[in-house]
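Trainee: Once you've had a glance at the structure underneath, I'll fire off some questions.
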Amino acid sequence: MSSTDSSQSTDSTGSSGTGTARGPGGPRVTETHVRVLIGASGWLALAATALPGPSPLRWIPVLVFTLLGPGWAALYPQPGVPATGARLEAVALAAPISLSLGVLTATSLFLVEGFSATAFLVPLAVFTTVVAALPGLPLPAARRGAVERVRRRPTDGGGT
């Protein structure tokens, strides 16, 4: 493979995870594809509950969606290409935000005595679908450019 082939296999988003697939002829994964996938993840988890019995194909999508879906939808779709620090911050905050939304939903359903897997997943799927279409929440690392500026002190050790 020549250097011209490898330079043509990336798009304007670079290698940030939302760029193109590696290799020539690979499918292009754009920000829109990622948003659609995040938005559909709740509905896929809800569809998985229709499978019979305690199959891993039933509980794994529900677990992954509940753990990451709503938080990832709220944090990920940042305008432009987020810096590395902002991506790490979004990944680190996705699970706590998702679990918080899940606890609020489950508690509300228990208080009105209406908890079921379907009643739990539908509001989270709706939230995730709507929020995936919106820009992500601003992250502190994204606002400051994800670069911590280290102030240099004088090396002479003098206080004058």
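Trainee: When both residues are 6+ apart or on different chains and their Cβ atoms are under 8 Å apart, which pairs have a first residue that lies in the stretch 20-43 and is open to solvent by 90 Å² or more (accessible area, probe 1.4 Å), and a second that is at pLDDT 75 or above?
Mentor: So the pair list comes out as V36/A132; W43/A125; W43/T129.
Yes or no, residue by residue, for (1) surrounded by 10 or more Cβ atoms within 10 Å (Cβ to Cβ); (2) at pLDDT 95 or above; (3) farther than 24 Å from R58 by Cα:
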residue: T107; (1), (2), (3): yes, yes, no
residue: V122; (1), (2), (3): yes, yes, no
residue: A132; (1), (2), (3): yes, no, no
residue: A142; (1), (2), (3): yes, no, yes
residue: A146; (1), (2), (3): yes, no, yes
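Trainee: Could I ask something else about it? Have a look at A94, A50 and point out the one that is modelled with pLDDT under 95 and surrounded by fewer than 14 Cβ atoms within 10 Å (Cβ to Cβ).
Mentor: A50
The values are calculated or read from the model by the stated rules, or taken from the named source; none is laboratory data. If you're wondering where the values come from, they're calculated on a predicted model, not measured in any experiment. Note: ideal-geometry Cβ built from the backbone for every residue, glycine included; neighbour counts use all protein chains shown. Quick note on the areas: whole protein, heavy atoms, side chains included, nothing else; ligands and nucleic acids left out. Shrake-Rupley method; radii C 1.70, N 1.55, O 1.52, S 1.80 Å.
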